[in-house]
Structures are given as C-alpha cells and as structure tokens.
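The values are calculated or read from the model by the stated rules, or taken from the named source; none is laboratory data. Bear in mind the structure is a predicted one, so any value in this text is a computation, not a measurement. Methodologically, a virtual Cβ is constructed for each residue, glycine included, from the backbone with ideal geometry; neighbour enumeration extends over all protein chains shown. For the accessible areas, the whole protein counts, side chains as well, though only heavy atoms, and no ligand, DNA or RNA atoms are used. Shrake-Rupley method; radii C 1.70, N 1.55, O 1.52, S 1.80 Å.
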Amino acid sequence: MSSVTVQPHHMLERILSLEIVRVTERAAVSAARLRGRGNEKAADQAAVDAMRRELNKLPIRGTVVIGEGERDEAPMLFIGEEVGGTAGFKVDIAVDPLEGTTLCAKNMPGAIATLALAEGGTLLNAPDVYMEKIAIGPGYPKGVVDLDAPAEQNIAALAKAKGVPAENITALVLDRPRHADLIAAVREAGAAVRLITDGDVAGVIHTADPDGTGIDIYMGIGGAPEGVLAAAALRCIGGQMQCRLVLDTEEKRDRAAKMGIKDPRKKYEIGDMVKGDCLFAATGVTDGALLDGVRFRKHAIETETVVMRSITGTVRWIRAEHRQREKFHLD
Ligand code: VTB
C-alpha cells in the first residue's frame, strides 16, 4: 500500500491553510456588517482591523508585501508591516481585506476578503499602481495567449485551442472607459464580453472554470495588488497569466524602483509574481458568482470560503456556521 508522506516543512503550511481561513472569515464578517451602508471607508477599515487582529495570532513571522498602501497613508496592514508572532515561519503576505469596497458599500455582488501567503521573499512587491493583465484557465498550451498580442489574435488563438468558434468565447473585462478599444476589439473578433464594475481577483479566478462561470479569458487593466493575489490563486489551481505594471510617470517608476523593480516594462508570468509555493484564501462578503456572502442568522453567522494550496493543488470550499458571535468583535 502506498502512502503520502507530509514533509515536516510542509506541515506548518498545511496547518496554516485552515488558519488563514479564519483570517478571511473574520474580515468578511466585519465588512459584511457594513454592506449597503454607502460607506466604503468604514467597511474597508472594519475588514482591515479584523484581518490584522487575526493575522497577529498566527504562528508566523509575516511581512505584508501587498497591503493597504505605504506606511504614511495606511495605519494598518501597510506594505512592510510585520504581522504574526516573534517566532515561526518567515512568510510574505498579500492582503486585500475588502476587495470590492464599492461592491460592499452598495451591497452589489462579488465583494470578497482575500489574502495569499507564501515563503518569505517569494511574492512580487508590487506598488499600488495599475497593471495590464491577461489570464486563462488550465489545460491550454503554454503561450496560447500573450499580453502583447492584439486582442483579436488572442481570441482567435484561444478559440482554436479550445476547439470552438470565437463566438463561444467570453472575455471578462472591467467596465471602464480605458477599455473601450479592448472591448470593441474582442467583439470584433466575434467573442462576447462580460463586464464587471469591480472585483478582478475573482474575475481572474473565474477563468479556471469556464464551464461553471462562462468565462474563458480575463483581459484589461486593473490594480497591481489584485494582480498578485490573482496570480497566487492561479498558481494553485492552474492557468496562465501575464501582467505588466503600468508605470507611466516618473513618480511611479521611482516608487517601483524603491520596491526593487528593476525593469519597469517587465512582463510578469505567474512564476515571477509568486516564485514559490503559496496559499490563497477568499471569503465572500456579498453574494457573488465565486462565493456566497456572509449570512447573519439568529443563532449563527454563516460564511463561505475557498482556500487553495499550490503544493498539492487542493481547492477546498468551506461553509462555516459560527455560533460564537463574540469572536468577531462586532458589538
Ligand atoms: C480592479 C478591481 C478592484 O479596482 O483592480 C480595480 O479588482 C482597478 O482600479 O476591485 P479602478 O477602479 O481605478 O479602475 C477595484 O475596482 C477596486 O479596488
């Protein structure tokens, strides 16, 4: 009989895969209390506070590499902040305590609380700028689409690789004026466009399950922090992603250089953004296509979380009923 042995250095990371679920659950519940109140800042702050409190309980020496911003503008979970304990595994942490603050404030679908964790020094320290992105799910030959190819060419290549006509391809794009030409080109190529108002971490993840989500490809410009988080998820579930930071001013190039970015035009593959093994977790705040939002019931609070590990490629969907309300520090 064969057995699977867990290497000792994978053991902590294995345990952490449940621990990080607690972190995103708490952030999601705190933000969900402020759903639909029209106050993005308050919802984001609630998620940040909860996420930080929980991260500080973990047996890790963590450094926030993707966070709420630079130290002077973000009092908590700022880039460079150390979280966790004084002993334990050295890890890099990427957080977006409330991805889709507007979605939460307006109580629209798709707000999530999310984080990724990886060995120290392995996550791209991306500044909070825009990022060009293209992503597809697993099962395609490497390089079938390319960030620098025209949209028409990418759609045609993807359709060919999938073995369907272009009209059966759907591209997910953020609904922004900057994408007018991209949207026109995708439609010109015969494919359909699905527009989202926010939330491109989930948007990229949708490409991993085209049959379930109806999304074959993600294209366009979104936030760089969200790009690194999405890359961590794809590193776990498979798929391809290429990105490039939009460093269109001297100030941004300087900021990036200070964060260790030598080539401002570099085209990043998943392995450049997430260099080693990682964990990724996301909990739904509002109902969405990826995750159900938080439910406040009379005797329990319900959450839904997806957690992934790149070492094994395991994806777990965790529905939790929390009966101990106090742990959320809500009142
Ligand atoms: C995206 C999306 C986010 O920002 O990254 C987007 O995933 C890009 O910025 O949910 P703009 O809103 O400036 O276009 C969000 O919408 C919000 O952080």
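Picking from residues in the stretch 242-262 that are aliphatic (A, V, I, L, M) and away from the ligand (no atom under 14 Å from the Cβ), the one that is most open to solvent (accessible area, probe 1.4 Å) is A257.
Collect the residues in the stretch 65-77 that are at pLDDT below 95 and touching an Asp or Glu at 6+ places or on another chain (Cβ under 9 Å), keeping them in residue-number order. Of everything in the stretch 65-77, those that are at pLDDT below 95 and touching an Asp or Glu at 6+ places or on another chain (Cβ under 9 Å) turn out to be G67, E68, G69, E70, R71, A74, P75, M76, L77. In summary, G220 fulfils each of the numbered conditions (1) away from the ligand (no atom under 16 Å from the Cβ); (2) on the phi > 0 side of the Ramachandran plot with the single exception of condition (1).
Within the stretch 183-210, the set of residues being within 13 Å of the ligand (Cβ to nearest atom) and touching a residue at least 24 places away in the same chain (Cβ under 8 Å) comprises I196, T197, D198, G199, D200, V201, A202, G203, V204, I205, H206.
Counting only strands (runs of 3 or more DSSP E) that sit completely within the stretch 50-110, those holding 3 or more residues that are within 16 Å of the ligand (Cβ to nearest atom) and either among the aliphatic types (A, V, I, L, M) or open to solvent by 60 Å² or more (accessible area, probe 1.4 Å) (or both) correspond to 89-99.
Any chance the stretch 307-315 includes a residue that's at positive phi and exposed (fewer than 14 other Cβ atoms within 10 Å of the Cβ)? It would help to see each step written out before you state the result.
If we filter the stretch 307-315 for residues that are at positive phi, which is where we start, we get 313.
Those still in the list that are exposed (fewer than 14 other Cβ atoms within 10 Å of the Cβ) too: 313.
There is at least one residue in the stretch 307-315 that is at positive phi and exposed (fewer than 14 other Cβ atoms within 10 Å of the Cβ).
Checked across the stretch 167-176, the condition of being buried (at least 17 other Cβ atoms within 10 Å of the Cβ), polar (S, T, N, Q) and within 16 Å of the ligand (Cβ to nearest atom) holds for no residue. Reported count of residues in the stretch 114-136, each being in contact with an Asp or Glu (Cβ under 7 Å, 6 or more places away or on another chain), among the small types (G, A, S) and open to solvent by less than 30 Å² (accessible area, probe 1.4 Å), is 1. The residue that is farthest from the ligand (Cβ to nearest atom), among those in the stretch 223-241 that are out of contact with any helix residue (DSSP H, G or I) (no Cβ under 6 Å at 6 or more places or on another chain) and more than 16 Å from P97 (Cα to Cα), is G238. Residue count for the stretch 199-232 satisfying the condition of being among the acidic types (D, E) and more than 13 Å from L290 (Cβ to Cβ): 3.
Taken over the stretch 122-175, the criterion of being hydroxyl-bearing (S, T, Y), within 14 Å of Y268 (Cα to Cα) and in a loop (DSSP other than H, G, I, E, B) is satisfied by T122 alone.
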